1. Would you check which residues across region 104-143 are surrounded by fewer than 13 Cβ atoms within 10 Å (Cβ to Cβ) and of a type in the set (Gly, Ala, Ser) and list them?
2. Go through (1) modelled with pLDDT of 95 or more; (2) surrounded by fewer than 21 Cβ atoms within 10 Å (Cβ to Cβ); (3) more than 24 Å from the chain's Cα centre (by Cα) and name the single condition LEU48 misses.
3. Select the helices (runs of 4 or more DSSP H) contained entirely in region 1-110, then report the ones holding at least 1 residues which are without any contact (Cβ under 8 Å) to a residue 60 or more places away in the chain and of a type in the set (Ser, Thr, Tyr).
4. Looking at region 128-148, is at least one residue in a helix (DSSP H, G or I), modelled with pLDDT under 60 and basic (Lys, Arg)?
Amino acid sequence: MTLRPLSPLEARVLATLMEKARTVPDSYPLTLNMVVAGCNQKTSREPLMNLGDADAQDALDSLKLLSLVFESSGSRVARYEHNFQRVLGVPEQSAVLLGLLMLRGPQTAGELRINSERWYRFADISSVEAFLEELQDRSAEKGGPLVARLPRSPGAREQRWAHLLCGPVSADLPAAGADAGGDSPDDTRRLDARVRTLESEVAALRSALQNVLEQLGMSQPGHGK
């Protein structure tokens with residue numbers, strides 16, 4: 001099935017339902033309050049969000065129209081559960097990886113394996129990579145690719161993966177949990193230049209101090225006459 005791109009808010013709500021279905025099954029399906037609390041968690045989320053009840057309800061309503069979420073019956077309080085795997089037509093392992101990418105942002109296969117421990121235990125990194133590659137090579141008949149491999153960042157050992165459920169992604173997306181204001185190549189070059197300048201200034205000060213001490217007939221601390 002081909003879906004329209006989800007909004008970041010819709011992706012967060014959907015992935016939160018996917019996560020809680022696996023990690024706290026006794027509390028699932030979720031009430032609106034539980035959805036909001038899960039979306040606004042300060043851990044295991046990238047980026048952090050601060051959704052209100054109205055925001056979450058709007059997202060739930062729009063996801064219901066896509067059949068990705070449905071409301072449970074038989075309860076005094078409305079409860080919601082996801083229908084992700086059936087709508088997208090992907091296996092359990094692929095759904096886990098997509099849910100993690102929606103919650104935590106771009107990650108390497110190794111990071112995904114570690115972060116998936118409470119959802120699903122992958123045998124090894126190769127297993128994770130195999131499912132990611134399957135999602136990347138998904139045919140147009142099935143709706144097209146659902147993930148993309150990002151170019152390797154400068155200094156990084158592994159490439160990161162990103163989901164495509166919100167549309168095409170930028171190659172320079174920050175890594176999960178990374179500070180969006182991290183050092184760029186330009187920042188690094190400026191820092192290197194600053195360090196060299198400071199080193200030169202320190203050397204000059206040491207030389208000037210040595211001259212003064214010599215004139216006074218003294219030696220620098222730690223140096224004999």
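1. ALA123, SER126, SER139, ALA140
2. Among (1) modelled with pLDDT of 95 or more; (2) surrounded by fewer than 21 Cβ atoms within 10 Å (Cβ to Cβ); (3) more than 24 Å from the chain's Cα centre (by Cα), LEU48 violates only (3).
3. Details: elements: 8-23, 32-39, 53-65, 84-88, 92-104.
Correct list: 53-65, 92-104.
4. Taking region 128-148 as the starting set, the residues that turn out to be in a helix (DSSP H, G or I) are 128-136, 140-142.
Applying the additional criterion that residues be modelled with pLDDT under 60 yields none.
No: region 128-148 contains no residue that is in a helix (DSSP H, G or I), modelled with pLDDT under 60 and basic (Lys, Arg).
The values are calculated or read from the model by the stated rules, or taken from the named source; none is laboratory data. In this text, all values refer to a predicted model and were calculated from it rather than measured experimentally. FYI the Cβ positions are ideal-geometry reconstructions off the backbone, even for glycines, and counts take in every protein chain you see.
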